[in-house]
């Protein structure tokens, strides 16, 4: 006979409850609407299983902490100094100066996927002075951006299992890949002109479970989702405290230029299928946008494509 | 008729937010308190005599689990009762006369 929380339970019930405990440790954070990266709060990531054939969902703190960081205080200082929420996909293996990148080891050995239903970025619009002139100070208008017809999507991540000496527990920490912005995101994230890398399901599978070359990994990490595949709306600026993205109109805000809907957007790393782009369907890509074809993934028997795993 | 997936309950004068999750075929309620108290997960377990009881997962917060469990059960019973009332009223309502 066993005891659980002071109650006498059968061995089978004890095992069930202990199994539930383990599962809950990985799931009880999923009901958060909006994750604010600067809180380093836990988010859901997919990591390969030990045999590398499947994956599991685990919890990770958003904000990569390398192994050499010794204490929680040091980790917070490191994050504040280097802002490791994101990794620049251009520097996956090499830095601008040609030296080895800090992401290199994780890119080879600790790749993961970050699940998301949407991203929040702010558009900065200069305030207008009394004489009608533009001021340096800006007003931030937050936008919620999602992928059309997809409840959730995958971003490439790099994670590290870091030992927190204060709790003697391993903590996963993660950084998300970012790439050059498309036409929509250049207007929304107009201060940095960057956007998160959003992968097709095939590329997500390849990133997580296959063994691509360094060159191929760099190409995947730089994937630029075309603007026309994205949907957007402005939201209430209270999203950080409300932890929810509530749509809100700002009548004073100039609309986003959506002329990208009328022509085939030229993106160097667009790996998204043409059939998702009505303009491109049946047409040839303009020259200069040479794109490696995505490899159709083989799914082992009993394993569905990733899009079906949460049904 | 589905039970609510997220709702608020009052615990000791504080409004706590509850979400309903199914994990490993078990119903788990995740309770988030408005203060700094850590969130609590509770589920229904069965003791060796076959009697069901509320328990915290992981162990250690049994008293809180029993209290919150009773409040949640009362909330869901009330919710189901209201749903039933709505259904009965709907069925018994005469068809509206559009021309009268």
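The values are calculated or read from the model by the stated rules, or taken from the named source; none is laboratory data. Worth saying up front: this structure is predicted, and the values here are computed from it rather than measured. Here the Cβ positions follow ideal geometry from the backbone for every residue, glycine too, while neighbour counts run over all protein chains shown.
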Q: Could you list all residues from the range A:71-84 that are crowded, with 17+ Cβ neighbours inside 10 Å and either under 25 Å from residue A:210 (Cβ atoms) or touching a residue at least 24 places away in the same chain (Cβ under 8 Å) (or both)?
A: A:75, A:79, A:84
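Do we have residue B:76 as within 14 Å of another protein chain (Cβ to nearest Cβ), modelled with pLDDT of 85 or more and under 20 Å from residue B:3 (Cα atoms) here? Break it down into steps so the answer makes sense when it comes.
Working: within 14 Å of another protein chain (Cβ to nearest Cβ): no; modelled with pLDDT of 85 or more: yes; under 20 Å from residue B:3 (Cα atoms): yes.
For residue B:76, the condition - within 14 Å of another protein chain (Cβ to nearest Cβ), modelled with pLDDT of 85 or more and under 20 Å from residue B:3 (Cα atoms) - is not met.
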Q) So residue B:24 clears everything in (1) under 29 Å from residue A:19 (Cβ atoms); (2) at pLDDT below 85; (3) more than 9 Å from chain A (Cβ to nearest Cβ) except one condition, right? Which one? A) (3)
Q: Could you check residue A:120 against (1) surrounded by 14 or more Cβ atoms within 10 Å (Cβ to Cβ); (2) assigned to a loop (DSSP other than H, G, I, E, B) and say which number it fails?
A: (2)
(Q) Give me the residue from the range A:227-245 that is touching a helix residue (DSSP H, G or I) at 6+ places or on another chain (Cβ under 9 Å) and modelled with pLDDT under 85 and, out of that set, surrounded by the fewest Cβ atoms within 10 Å (Cβ to Cβ). (A) A:240
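To keep it simple, each residue is scored yes or no on (1) loosely packed, with under 15 Cβ neighbours inside 10 Å; (2) modelled with pLDDT under 85; (3) within 11 Å of another protein chain (Cβ to nearest Cβ).
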site: A:27; (1), (2), (3): no, yes, yes
site: A:30; (1), (2), (3): no, yes, yes
site: A:34; (1), (2), (3): no, yes, no
site: A:47; (1), (2), (3): no, no, no
site: A:58; (1), (2), (3): no, yes, no
site: A:69; (1), (2), (3): no, no, no
